[in-house]
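Since the structure comes first, as structure tokens, the remarks are kept for the end.
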Amino acid sequence: MRFSRLRLNGFKSFVDPTDLVIAQGLTGVVGPNGCGKSNLLEALRWVMGENRPTAMRGDGMEDVIFAGAATRPARNFAEVSVQIDNTDRLAPAGFNDADQIDIVRRITRDAGSAYKLNGKDVRARDVQMLFADASTGAHSPALVRQGQISELINAKPKNRRRILEEAAGISGLYQRRHEAELKLRGAETNLARVEDVLEQLS
Ligand code: ATP
């Protein structure tokens, strides 16, 4: 499972549709300060389901939409798509019958984000779980922000454990456990209500 293409349209400084083919092996992105190198990494994190505006260096998620320049008006939406080559069949169960996986995230002003997985509308959670089960995703330690190395060195043991758990591919299980606990709590509340009603009737 390997990223093979990244497309940006209206995302931050990438106002015009931009297509990056990611070849096998090591890819380097070079350019002068402020040309958009970090924006590329943020686009990758964003399409994998990042939902913290601060991780996108913004105050709100709509800050990822091209904000306009002296000669260009602001855009109304931003879209990032990523193509995953799955010819090695390493994608998590449920996604493993296709050679290619396409994920698109689009944000429209005042309408929030929408995701598509292989052309079908899905929830943010579906995309996040796909990457969590593949031991990667928006919070993957493989994506290193500026200043992150010193953060890791100074991290508390609990936070360091989270990084190891992510690498071990069990962070998806934590998310599922959390959801199961919420359901359980809901069921317990319903049960208590039923008992109240039964008591009133008896
Ligand atoms: P450095 O080498 O200094 O780290 P960089 O190549 O990583 O720089 P980025 O930080 O990715 O550059 O890009 C910063 C540029 O993106 C700035 O020029 C900023 O104005 C522009 N930018 C960020 N958000 C938006 C937005 N919403 N609309 C338009 N331009 C934006």
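Nothing in this text is a laboratory measurement; each read-out follows from the coordinates by a stated rule. All values reported here derive from a predicted model rather than from experimental measurement. Cβ atoms come from the backbone with ideal geometry, glycine included; neighbour counts cover every protein chain shown.
With r as the distance between the Cβ atoms of residue 89 and residue 37 and R0 = 30 Å, compute the FRET efficiency 1/(1 + (r/R0)^6) and round to 0.05.
On the way: r = 32 Å, r/R0 = 1.07.
In this case the efficiency is close to 0.40.
For the pair residue 116 and residue 76, what calculated FRET efficiency results from E = 1/(1 + (r/R0)^6), where r is the Cβ-Cβ distance and R0 = 22 Å, to the nearest 0.05?
So, using R0 = 22 Å, E works out to roughly 0.75.
What FRET efficiency would be calculated for the residue pair residue 202, residue 124, taking the C-beta separation as r and a Förster radius of 45 Å, to the nearest 0.05?
0.50
Search the structure for amide H atoms under 5 Å from the amide H of residue 65, placed 1.01 Å from N in the peptide plane, and list their residues when 5 or more places away or on another chain.
Excluding prolines and chain starts, which carry no amide H, the hits are 12.
Note the count of lysine pairs whose C-alpha atoms are less than 27 angstrom apart in the chain, limited to pairs 8 or more residues apart or on different chains.
Values: 12/37; 12/116; 12/120; 37/116; 116/183; 120/183; 158/183.
Counting lysine pairs in the chain gives 7.
Using the Karplus curve 6.51 cos²θ - 1.76 cosθ + 1.60 with θ = phi - 60°, work out ³J(HN,Hα) for each residue of the range 83-92 in order, rounded to whole Hz, and write x for Gly and Pro.
My calculation for the range 83-92 gives 10, 10, 7, 10, 5, 7, 6, 9, 5, x Hz in order.
How much length is gained if the chain between residue 182 and residue 26 is pulled fully straight, taking 0.36 nm per residue apart and subtracting their Cα-Cα distance, in nm to one decimal?
On the way: separation 156, 0.36 × 156 = 56.16 nm, distance 4.20 nm.
So the extension gain works out to 52.0 nm.
Relative to the first principal axis of the alpha-carbon coordinates of the chain, what is the inclination of helix 171-201, with its axis defined by its Cα atoms, in degrees from 0 to 90 and to the nearest 10?
Between helix and principal axis, roughly 30 degrees.
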